[in-house]
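Have a look at the structure below, then the notes.
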Amino acid sequence: MGLPRLLAGLDRGRGPMTLAHHERVHGPLPRLASWRLIEMVAGSGLRGRGGADFPTARKLHAVASARGRDRAVVVNGSETEPASGKDRLLLSRLPHLVLDGAALAADAVGAQEVIIKVSERAADSIRSLEGAVAVRDERASIQLVCAPDGYVAGEESAVIHYLNTGQQTPTFVPPRPFERGYRRRPTLVQNPETLAQLALIARHGARWFRELGTAPDPGSALVTISGAIDAPGVYELAFGTPMRDLLDAAGGASEPLRALLVGGYFGTWVDATTALELRLAREDLRSVGCALGSGVLIALGQSACGLHESARVIDYLALESAGQCGPCVHGLRALADLVADLADGVAHIGERDRALRWAAEVRGRGACHHPSGATRFIESALHVFSPELETHQHSRCRARPAGLPVGSRALLGASR
Amino acid sequence: MSHRLRVNPIACEAHGLCGELLPELIRLDDWGYPILDESRVPSDLRELARKAADACPTLALLLEDDRD
């Protein structure tokens, strides 16, 4: 039914798709007038796939019409979400699709420079991009920048800060990158999947893009599914796909599920019964306080303890604070300690109210989104795993660790 | 012209003067950092807000024109 799109032609091998193979699968890269491409993207309804969900055409337009002569495009391939694998899959296996999108975006906004930022540990992505850039004939200059990992390192202002100064911390905004970014130029920062989608929209048009998905959420999306399922990996699915089908695409649940984490560590826990009734669509997800974010789904089995898993993740998020803003530094630390005590049954259940108050107070009070994303995760954990909170007051938790990835990237198996 | 208060959270070091000078709009969290429940500044508090912003040792409290 029209899928795969982005992942078309991807074989089971390991190496990057060659330019010749890429052009056989997708056809040659069209050159379009700036207004024409922005119009097509606007018609397609494409939104940024890095997590912020911002309409891509508006971002393109903002950079194209910003004051200043020089502009830049930054491909933000940081992918700092530990359970995400889609950017790495695109960059390491389908580099030409992302580079097509970057070239089109550079033309559309009038940028002479494209900077691709990836994790210095993503050796396969780096090799693939170096190989791909070497065989392409580009109008804009392309530069590959490899940076250290860190959860907040992928945040837009942190990426610009790193490129400008070598310091990978978020900055106080405004100015936003589209106003003043790389070397103070108006800068378009886009996630690799967004650019890959754009490369297909430029070839096939807005109407084609909308043939999949729903009216408010057109097209397909790359979703990284992991946890208690049989075939974890990156899957391309149409928006509107029922969550059940989505899990089935990844081999189905490997045990009865307790909950799903939607949207990664800035995301939201949803209990399994509710989650399985949802579709992969913003309106469905919003109805239970979720967003797809960067497309990360983690299934938690009933043999695991959502409280202890969440406590580990919160501890990780507290450690990953850039250490700049007081509410994030002190608030997340205190929350991590309190949630750990609640999970262990050491803190009285009444302390949950204190945790919820701290979470509400800390939200929105960082220079970047880190404290807001982390507190959303914490609030959902305290709500969804409320029954566990009760039982842990009286009896020791005997659940097996589910091993939600923290600290290093999840090693993802089969990708399709 | 109406005004808004904003905290630069990177610059703020929890000296807490703002909470002392402008309790009508600013309370402090459990670690001494300011919470603005409402950023819009009523006109009768504008002078106090100006004083609080000027008093911040790290210039982290910003009184800005409201552009909306």
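The values are calculated or read from the model by the stated rules, or taken from the named source; none is laboratory data. It should be emphasised that the depicted structure is a prediction, and the values quoted were computed from it without experimental measurement. FYI the Cβ positions are ideal-geometry reconstructions off the backbone, even for glycines, and counts take in every protein chain you see.
List of remarks:
- Residues (over 20 Å from the mean Cα position of the chain (by Cα), more than 18 Å from A:TYR182 (Cβ to Cβ) and crowded, with 21+ Cβ neighbours inside 10 Å) located in the stretch A:97-128: A:ASP100, A:LEU104, A:SER128
- So B:GLU20, is it closer than 29 Å to A:SER321 by Cα and not β-branched (Val, Ile, Thr): yes
- Every condition in (1) touching a strand residue (DSSP E or B) at 6+ places or on another chain (Cβ under 6 Å); (2) modelled with pLDDT under 95; (3) within 14 Å of another protein chain (Cβ to nearest Cβ) holds for B:ARG27 except the one numbered (2).
- Checking A:ARG24, A:ARG36 one by one, the residue that is free of Cβ contacts under 8 Å to residues at least 12 places away in the same chain and assigned to a helix (DSSP H, G or I) is A:ARG36 and no other.
Residues checked against (1) within 23 Å of A:ALA238 (Cβ to Cβ); (2) surrounded by fewer than 22 Cβ atoms within 10 Å (Cβ to Cβ); (3) in contact with a Phe, Trp or Tyr (Cβ under 7 Å, 6 or more places away or on another chain); (4) among the small types (Gly, Ala, Ser):
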| residue | (1), (2), (3), (4) |
| --- | --- |
| A:THR274 | yes, yes, no, no |
| A:LEU285 | yes, no, no, no |
| A:GLY293 | yes, no, yes, yes |
| A:GLN302 | no, yes, no, no |
| A:LEU319 | no, yes, no, no |
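- Filter result for A:ARG71 (outside the structural domain of A:GLY373 (by TED's automatic domain parsing) and in contact (Cβ under 8 Å) with a residue 60 or more places away in the chain): yes
- Among the candidates B:ARG40, B:ARG4, residue that is under 18 Å from A:GLY364 (Cα atoms) and within 14 Å of another protein chain (Cβ to nearest Cβ): B:ARG4
- From the options A:ALA374, A:ALA304, A:ALA347, residue that is in contact (Cβ under 8 Å) with a residue 12 or more places away in the chain and over 14 Å from A:PHE266 (Cα atoms): A:ALA304
- Only one of the listed residues (A:ARG58, A:ARG49, A:ARG139) is touching a Pro at 6+ places or on another chain (Cβ under 9 Å) and either modelled with pLDDT of 95 or more or not small (Gly, Ala, Ser) (or both). That residue is A:ARG49.
Rundown of residues vs (1) surrounded by fewer than 24 Cβ atoms within 10 Å (Cβ to Cβ); (2) in contact (Cβ under 8 Å) with a residue 40 or more places away in the chain; (3) more than 30 Å from A:ARG258 (Cα to Cα); (4) of a type in the set (A, V, I, L, M), yes/no style:
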| position | (1), (2), (3), (4) |
| --- | --- |
| A:GLU179 | yes, yes, yes, no |
| A:ARG183 | yes, yes, yes, no |
| A:VAL189 | no, yes, yes, yes |
| A:GLN197 | no, yes, yes, no |
| A:GLY205 | yes, yes, yes, no |
| A:LEU222 | no, yes, no, yes |
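- Restricting attention to the stretch A:327-357, the residues that are within 11 Å of another protein chain (Cβ to nearest Cβ), within 27 Å of the chain's Cα centre (by Cα) and surrounded by fewer than 23 Cβ atoms within 10 Å (Cβ to Cβ) total 4.
- Flag if A:VAL173 is within 24 Å of B:VAL7 (Cβ to Cβ), of a type outside the set (Asp, Glu), part of a helix (DSSP H, G or I) and at pLDDT below 95: no
- Within the stretch A:212-236, the residues that satisfy the criterion of being farther than 20 Å from A:GLU81 by Cα and either in a helix (DSSP H, G or I) or in contact with a helix residue (DSSP H, G or I) (Cβ under 9 Å, 6 or more places away or on another chain) (or both) are A:THR214, A:PRO216, A:ASP217, A:PRO218, A:GLY219, A:SER220.
- Index of the failed condition, A:ARG400 passing every other in (1) surrounded by fewer than 21 Cβ atoms within 10 Å (Cβ to Cβ); (2) within 14 Å of another protein chain (Cβ to nearest Cβ): (2)
- Here B:ILE10 passes the criteria (1) within 11 Å of another protein chain (Cβ to nearest Cβ); (2) surrounded by fewer than 16 Cβ atoms within 10 Å (Cβ to Cβ); (3) of a type in the set (A, V, I, L, M) except the one numbered (2).
- Here A:CYS368 meets the list (1) within 14 Å of another protein chain (Cβ to nearest Cβ); (2) out of contact with any Gly (no Cβ under 6 Å at 6 or more places or on another chain); (3) within 21 Å of B:ASP30 (Cβ to Cβ) almost entirely, failing just condition (3).
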